[in-house]
Every structure is written in C-alpha cells, then in structure tokens.
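Student: To start, I am sharing the structure in question, which I have written as structure tokens.
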Amino acid sequence: MTVPLPQYLLLGAILFTIGAVGFIARRNAIVIFMCVELMLNAVNLSFIAVSRSLGEPAGQVFVFLVMTVAAAEAAVGLAIILQVYRLRGTINADEIKLMKW
Amino acid sequence: MAESVIFYLFGGVAVIAALFMVTRHNPVSCAMSLVVVMFCLAVLFLGLHAPFVAMMQVIVYAGAVMVLFLYVIMLLNLSDEELGRTIVTPLKLFGGLVGCLFLVALVVLVQGDYGEGGAVNPSFGGVAQIGKELFSSYMLPFEIASVLLLAAIVGAVVIAQREQK
C-alpha cells in the first residue's frame, strides 16, 4: 500500500460529509436520495481500504451487502417518490410535510 | 508511485464531481456527476485489490441504480418551476457549518498509525475468494440479502402501481 490508509479514510470522510451536507441542503427528494447513495459509497471506500490494510476479505463481503441494501433502498424509495408525486404533484421536501411537526 | 498518482487523480475527480452533484440544480446533472463519482471509486477499488467489488460497483451502482434514478427523473418530467432555485436560508448555512464541523471531527478521528498494510496474496479480493467467503462464513447474511431483494422488488411494484378504479 503506497498510499497510507488514513488518506483513503480521509477521502471517504470528505465524500461522506459532502453527501451529508447535500442531504440537509437540497430540497429535491430525488437529489436527497442521490446524496444518501454518495454517503453509502464513501463508507464502502473506507471498508475496502481497511480490508486491504488488514488483508481481510470480510470488508469486501460487507461492501457487497451494503450494495444490496442500497439497491433495495433505491428501488423502494423511488417508488415512494413516484407515488408522492402522483398524489401531491411535488417532490419538494419542504412541501411534503404531512409527517413533520 | 503509480498507486499514489491514481489515488490523487481519481480521488480529486471524485471530490469535485461530488461537489458538482450537490450544487447543480438539474437532477440529471446531479445523476451524471454521481456516476462519475462511482466510476472513480471503482478505479480506487481496483487499486485496493478489490476487483470483484469494483465490478459490482460499475454494474450495480453505476449501471442499475443510476439508471433507476434517471428513469424516475424522466418519468416525473419536472417543470423548471418545480426544480426551483436553491434558496440559501440561515438554516442551510447552519447545516453547512455543522457539516464542516463534522468533517473536522472525522478528519481528527481517522488520523493515527494503522501500521503498514503489507503485501497481500495476488488472488486477494478476486471473485474466487469473495465467492468462497460468501458461500461459507457469510452464508446466512447472503441468503438474507436475497430475501431483502425479493421484498424490495415486491414492495416497489406494489407501491408504484396505480390504484385500481
């Protein structure tokens, strides 16, 4: 490993933070979903880097499972967004506030 | 040497594309930027002896998931008014500030001596090794993942269908 592990973790942290800020700041429900995917990807990078550093394949198996969950989440979430758009005519997260305080 | 060049090149592109994704107004531009991030991460995975995961990244994320996103964006056919300008409110500025603090905390947390990651077996992370792990030590999670996917397929179809009149 010519690039030390902390640098990979740092890259993962930067991508995760960008995703988290986007999740807070963006109001389009689809883009909010994409930010979640970005955060999952950042965590996957950390998993792979640590797995490589320890020489342990378990991290790669975890990434496989994270991808499965992300795909399931995207399918169900986008179906919900589609149905919300049909019912309310908007996917702006500020206007979908039935379940907020 | 080659590994660090690849790391800084593709890591930098990934961060720029991620920033692009968060700041673009048009959801299609956001989706395309996210595809760039995923391809860059796939390259980094290859450099980290994870060819199987790199392939999965391209096929599942950049392929299937992003096509699903683009499909929904096209299906909704949002008007420009609906897309809206991103208005900077005090709350969002506060969110950005909290994000920066969060980044600082993460940076402090990941510093430390992890030791040198020594050389690994050339077959490390290959399809054969991950396949063996999945079907031996991680058999139960693997099967549960298949049930989860089935539930997601059925759930997505049921949620997205129009109500019968």
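The values are calculated or read from the model by the stated rules, or taken from the named source; none is laboratory data. Just so it is clear, the structure is predicted and the values come from calculations on it, not from any experiment. FYI the Cβ positions are ideal-geometry reconstructions off the backbone, even for glycines, and counts take in every protein chain you see.
Student: Would you say A:Leu40 is modelled with pLDDT of 90 or more, in contact with a Pro (Cβ under 8 Å, 6 or more places away or on another chain), closer than 23 Å to B:Ala151 by Cβ and surrounded by fewer than 22 Cβ atoms within 10 Å (Cβ to Cβ)?
Tutor: Considered against the rule, which asks whether it is modelled with pLDDT of 90 or more, in contact with a Pro (Cβ under 8 Å, 6 or more places away or on another chain), closer than 23 Å to B:Ala151 by Cβ and surrounded by fewer than 22 Cβ atoms within 10 Å (Cβ to Cβ), A:Leu40 comes out as no.
Student: So, of the residues in the stretch B:121-165 that are touching a helix residue (DSSP H, G or I) at 6+ places or on another chain (Cβ under 7 Å) and not in a helix (DSSP H, G or I), which turns out to be farthest from B:His49 (Cα to Cα)?
Tutor: Among those residues, the one meeting the criterion is B:Tyr138.
Here's the yes/no breakdown for (1) in contact (Cβ under 8 Å) with a residue 40 or more places away in the chain; (2) more than 9 Å from chain A (Cβ to nearest Cβ):
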| position | (1), (2) |
| --- | --- |
| B:Leu106 | no, no |
| B:Val110 | no, no |
| B:Gly125 | yes, no |
| B:Ala128 | no, yes |
| B:Ser136 | no, yes |
| B:Pro141 | no, no |
| B:Ala156 | no, no |
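Student: OK, next. Which members of the stretch A:80-90 meet the condition of being facing chain B (nearest Cβ under 7 Å) and not in a helix (DSSP H, G or I)?
Tutor: Passing the criteria: only A:Thr90.
Student: Provide a single number: the residues in the stretch B:47-58 that are more than 7 Å from every other protein chain (Cβ to nearest Cβ) and either hydroxyl-bearing (Ser, Thr, Tyr) or closer than 14 Å to A:Thr2 by Cα (or both).
Tutor: 1
Student: OK, next. Return the only residue of A:Leu65, A:Leu87, A:Leu82, A:Leu78 being farther than 16 Å from A:Met34 by Cβ and surrounded by 15 or more Cβ atoms within 10 Å (Cβ to Cβ).
Tutor: A:Leu65
Student: Let me ask something else about it. Let me confirm something: among A:Ala25, A:Ala13, which residue is buried (at least 20 other Cβ atoms within 10 Å of the Cβ), facing chain B (nearest Cβ under 7 Å) and in contact with a Lys or Arg (Cβ under 8 Å, 6 or more places away or on another chain)?
Tutor: A:Ala25
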